[in-house]
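J.: Let me give you the structure first, and then I'll get to my questions.
The values are calculated or read from the model by the stated rules, or taken from the named source; none is laboratory data. On a predicted model such as this, the values are computed, not experimentally measured, just so you know. In this analysis, Cβ positions are derived from the backbone assuming ideal geometry, glycine residues included, and neighbour counts consider all displayed protein chains. Just the protein is used for accessible areas: all its heavy atoms, side chains included, with ligands, DNA and RNA removed. Shrake-Rupley method; radii C 1.70, N 1.55, O 1.52, S 1.80 Å.
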Amino acid sequence: MEILIIVLIALLLLLAIGDIRRALITRPVFAFFQRVLPPLSPTEREAMQAGDTWWDAELFQGRPNWQAFLQTNAPHFTPEEQDFIDNQLETLLAMLDDFEIVQEDCDLPEAVWAYLRKEKFFAMIIGREFGGLDFSPAANSHIVSRIATRSISAAVTVMVPNSLGPGELLTHYGTTEQKDYWLPRLASGEDIPCFALTGPEAGSDAGSIPDTGIICRGEHDGKEVVGIRLNWDKRYITLAPVATVLGLAFKLYDPDGLLGDDKELGITCALIPTNHPGVETGARHLPLNQAFMNGTTYGKDVFVPLDWIIGGPDYAGKGWQMLMECLSAGRGISLPALAAATGHLSERMTGAYAYVRRQFGLPIGKFEGVQAAMGKIGGTNYILESMRRLTVTALMAGKSPSVITAMTKYHMTEMGRQVMDAAMDIHAGKGIQLGPKNYLGHGFMATPVSITVEGANILTRSLMIFGQGATRCHPYVLAEMEAASNPNQDQGLLDFDALLFRHIRFGLANAGGSFLMGLTAARWVKSPVSGWTGRYYQQLTRMSRALALTADVAMLSLGGDLKRKEMLSARLGDVLSHLYMASAVLKRYEDEGRQAGDHDYVKWALTHHLYEIGRAFQEFFANFPNRWLAWTLRLLIFPVGNHYKRPADRLYQAIAESMMEPSVTRERHTFLCYWKDDPNDVTGHMELAFRAMKTNRELYKKLSKAEKRGDIPPDLNGEALVAAALEAKIVDAADAESLQACEALRITAVAVDQFAPETLRRQPKEAR
Ligand SMILES: Cc1cc2nc3c(=O)[nH]c(=O)nc-3n(C[C@H](O)[C@H](O)[C@H](O)COP(=O)(O)OP(=O)(O)OC[C@H]3O[C@@H](n4cnc5c(N)ncnc54)[C@H](O)[C@@H]3O)c2cc1C
């Protein structure tokens, strides 16, 4: 024993001597690290280094500080924002008729375009000094969401100028002259912007755009100047058909060295008026029948001056970096806002419809099968809204969190799709038959748009979330990668040496912590709150530690291969995302004062997240190529098995019942859903029918009993039902009047539209 201790002490002393430690351990590990390091293209490196980390890093590192997390400020509005939301937004919503927009005009009405311009809906992210609204992410998200519950086409039209594009790029990088010229014009709506990156050959791989700009001499405004000769062919560009100013991304080359020695400057962004000679705006696309403007733009040998580069000539070749730095804000707000709208609309309208629609003598929402789908809608909408708020919280704190916004974009749009599917299943024929009475159909059709844009979802899940998360959120890996790729190898080795032993300590602590927490079900882990949610904090801390351990093992053993093993890295991304979503749920629950009406929703959500985390780990272990490591990881993380289960049936039922009760809980959960107090309105008719049936619920019970006794004939509806009830003295005259009005509303609410055949006939080919 003494000998062992002496050997150990001698070893530690040797390791304490830098040169010996570096020669014996660090150098071979350094060489190994350089060998397994994923080869990074410059665009990947820029994407990886862009933006910030926030709560994602704490979850990734296995030691989340819940106390500090819970103390971050919840999103709020300024008085100006609240006033706009109460007035201009409400006015706009009342103007929108999505059937007319999509099916009749395939465009927003002129009055709506004019109102959007006049009230500066396109200028939410432009500073006040330039005439913009300068709204916060919270207001931007709220406004886009609420519009989307009315019309996806209108929401996308508003969303795009307030997302990544000329406004955002000018604000961050524009020269004083560019800002002074363009921003007031964009703010007033005099100019409408679009941003063109995508082309026929470059979609997800946007870094490979073939569009070029060649630095050369040419004539501009009658003078010979150094400028850029542009060639581009872009498709799918939102607002392009109506844009007056085009933000264009292209690759810039300087073959004659007019700017310097660099011949390939890289991706560059310029701002070009669409009436500039040679700029061609193509015809419109028809994105799943939605009416927002989307189309093509192209140009051949178009000469523009150098100072049309956003930021001026200093920003030549910096386009990709600019896009990556600015991507986060829009990605965390715009498409998540559309998904939140789907959640709020689906929960409110499906709860109402499931009560109003009766089959087999009961509201369909009383059947367990329907309750399963309703529970999913209500539970998922709680998560959607929680995630929307938490990501907005990060953006309000001035962060530009690239991993969080990738998770938010992917998961919210996927959850939006699931909620929409469930809502459509419950509405059945009522959701399918398009017409002015259908409030779901256009949203259902538009769902893939959100899945595809701003980072198509498969790519975002498979490549971005963990791929970026692992390097951005890890306490050491990014610095180690930088050390390994340092052209000065000696300095690289020194930097690496300083990181390596801290990294080893981190890994060992994660392994020990995971095992202990697994053995004890994390009961000794400190929770930041008292009460029943405390156990969830403990479990989430445990899974966070497990992720830190697994991520390290995966990176160490697979190295660069992990990038190609997209299915594996996607699962680790899922773990991080579910940890983030569960945190969002817990934070919302605390921020809203632990509402009793939310208990079942919160339990459903947290049980679901833990189940999904457990499942992602299991599938990761089952498919990890090194079986010995997989087995060890499973033993360390789930030493007594994975006990996370799906939410219980009881929770689905409780949520379904809650969705069918007019209550403050229902109001809080669906506040983004617009409805007008008008039986002719698309969502108003369903809401009014639901409320009327709830008011008359005791009368309906009486009728049902009378029907069972045989006092009134079965299967009567509307006037016939009321007349029979009156005649059999089941109800008095006042009740009959109330019932009559309620039945009229119910019948309108379950009705669908019909069209005379000639009104549906398309124009003959030659007239198109
Ligand atoms: C309605 C609409 C509006 C748009 N608006 C604009 C706009 O205003 N400006 C603009 O520049 N662009 C715009 N786009 C383009 C949009 O950003 C692209 O469609 C998107 O980048 C995907 O490109 P793609 O459609 O060519 O798909 P592809 O790149 O061909 O991808 C096809 C599929 O393969 C997956 N995939 C690709 N590579 C990988 C990988 N390495 N790993 C895993 N999966 C992968 C993708 O996730 C996707 O599911 C718009 C698109 C649409 C449909």
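J.: Below 17 Å, Cα to Cα, which lysines can Lys234 reach? Residues fewer than 8 away in the same chain don't count.
T.: Lys251, Lys300
J.: Report the one residue of Ala725, Thr413, Ile147 whose Cα lies farthest in the direction of the positive end of the charge dipole of the chain (charges on C-beta: Lys and Arg +1, Asp and Glu -1; origin at the Cα centre).
T.: Of the candidates, Ala725 comes out farthest on the positive side.
J.: Would you mind counting up the charge near Val226? Only other residues with Cβ under 14 Å from its Cβ, with Lys and Arg at +1 and Asp and Glu at -1.
T.: Here the charged neighbours net out to -3.
J.: In the chain, what percent of the accessible surface is made up of carbon and sulfur (1.4 Å probe, ligands and nucleic acids excluded)?
T.: On the way: 17880 of 32420 Å².
Solvent-exposed carbon and sulfur of the chain make up 55 percent of the total.
J.: Let me ask something else. Return the aspartates and glutamates within reach of Lys705: Cα separation strictly under 19 angstrom, same-chain partners fewer than 8 residues apart disregarded; answer none if there are no such residues.
T.: Asp715, Glu719, Glu727, Asp732, Asp735, Glu743
J.: Next question. Could you work out the helix-only [θ] at 222 nm for the chain, with each DSSP H run of four or more residues adding -39,500 (n - 2.57) and the total divided by the number of residues, to the nearest 500 deg cm²/dmol?
T.: On the way: 33 runs with 433 residues, N = 768.
The helix-only estimate for the chain comes to -18000 deg cm²/dmol at 222 nm.
J.: Over the heavy atoms of Arg627, what accessible area does a 1.4 Å probe trace out, to the nearest 10 Å²?
T.: Rounded to the nearest 10, the figure is 110 Å².
J.: Amide H neighbours of Asn294 under 5 Å, counting only residues 5+ apart in sequence or on other chains, H built in-plane at 1.01 Å?
T.: When sequence neighbours closer than 5 places are left aside, the close amide H contacts are Leu239, His285.
J.: Pairs of Cα atoms under 8 Å, at least six residues apart: use those to get the relative contact order of the range 478-537, whole percent. Walk me through the intermediate numbers first.
T.: Working: 25 pairs, mean separation 10.6, N = 60.
That works out to 18 percent.
J.: Related question: Calculate, for Ser530 and Asn87, the FRET efficiency according to 1/(1 + (r/R0)^6) with r their C-beta to C-beta distance and R0 35 Å; round to the nearest 0.05. Kindly include the intermediate steps, with their values, before the conclusion.
T.: Working: r = 42 Å, r/R0 = 1.21.
For R0 = 35 Å, the calculated efficiency reads 0.25.
J.: What number, in percent, do you get for the relative contact order of the chain if the mean sequence gap of Cα pairs under 8 Å and at least 6 apart is divided by its residue count? It would help to have the intermediate numbers written out before the result.
T.: On the way: 1272 pairs, mean separation 119.3, N = 768.
Computed value for the chain: 16 percent relative contact order.
J.: Using the C-alpha atoms of the range 411-525, what convex hull volume per residue, in cubic angstrom, is computed? Intermediate results must be reported in sequence, preceding the final value.
T.: Values: hull volume 18.1 nm³, N = 115.
Dividing the Cα hull volume of the range 411-525 by its residue count gives 158 Å³.
J.: Provide the packing ranking of 704-715, 679-690, i.e. peptides ordered by the mean count of other C-beta atoms within 10 Å per residue, highest first.
T.: Values: 704-715: 13.0, 679-690: 21.2.
Per-residue Cβ counts within 10 Å, averaged per peptide and sorted highest first, yield 679-690, 704-715.
J.: If you split all Cα-Cα distances of the chain into 10 Å bins from zero, what percentages do you get per bin, shortest first?
T.: Whole-percent P(r) values from 0 Å outward: 3, 13, 20, 22, 19, 13, 7, 3, 1, 0, 0.
J.: In whole Hz, what ³J(HN,Hα) sequence does the range 493-510 give by Karplus (6.51, -1.76, 1.60; θ = phi - 60°), x for Gly and Pro?
T.: 5, 4, 4, 5, 4, 5, 8, 4, 6, 5, 5, 5, 4, 4, x, 5, 5, 5
J.: Roll a 1.4 Å probe over the protein chains and send me the accessible area per residue for the chain in Å².
T.: Working: 32420 Å² over 768 residues.
For the chain, the solvent-accessible area averages 42 Å² per residue.
J.: Students often check this: by mean Cβ neighbours within 10 Å, which of 231-237, 488-494 ranks highest, and how do the rest follow?
T.: On the way: 231-237: 20.7, 488-494: 13.1.
Those peptides, ordered most packed to least, come out 231-237, 488-494.
J.: Note down the magnitude of the dipole of the range 582-724 about its Cα centre, charges +1 on Lys and Arg C-beta and -1 on Asp and Glu C-beta and zero elsewhere, to the nearest 20 debye.
T.: Values: 21 positive and 20 negative charges, 148 e Å.
I would put it at about 720 debye.
J.: Rank these by accessible area, largest first, 1.4 Å probe: Ile143, Ile458. Mind showing how you got there, number by number?
T.: Details: Ile143 0, Ile458 135 Å².
Of Ile143, Ile458, the descending order of accessible area is Ile458, Ile143.
J.: Checking the table Lys587/Lys676; Lys399/Lys526; Lys366/Lys587; Lys701/Lys729; Lys526/Lys587 against a 22 Å threshold on Cα-Cα, which pairs fail? Please list the in-between numbers first.
T.: Working: Lys587/Lys676 32 Å; Lys399/Lys526 28 Å; Lys366/Lys587 31 Å; Lys701/Lys729 15 Å; Lys526/Lys587 17 Å.
In this structure, Lys587/Lys676; Lys399/Lys526; Lys366/Lys587 exceed 22 Å between Cα atoms.
J.: Would you mind pulling out the separation of the Cα centroids of the range 582-606 and the range 238-303, in Å?
T.: The range 582-606 and the range 238-303 have Cα centres spaced 46 Å from each other.
J.: Under 18 Å from the Cα of Lys318, which aspartates and glutamates turn up, not counting those fewer than eight places away in the same chain?
T.: Glu44, Glu46, Glu168, Asp205, Asp211, Asp254, Asp261, Asp262, Glu264, Asp307
J.: When the Cα centres of the range 448-495 and the range 695-716 are compared, how far apart do they sit, in Å?
T.: The distance from the Cα centre of the range 448-495 to that of the range 695-716 comes to 65 Å.
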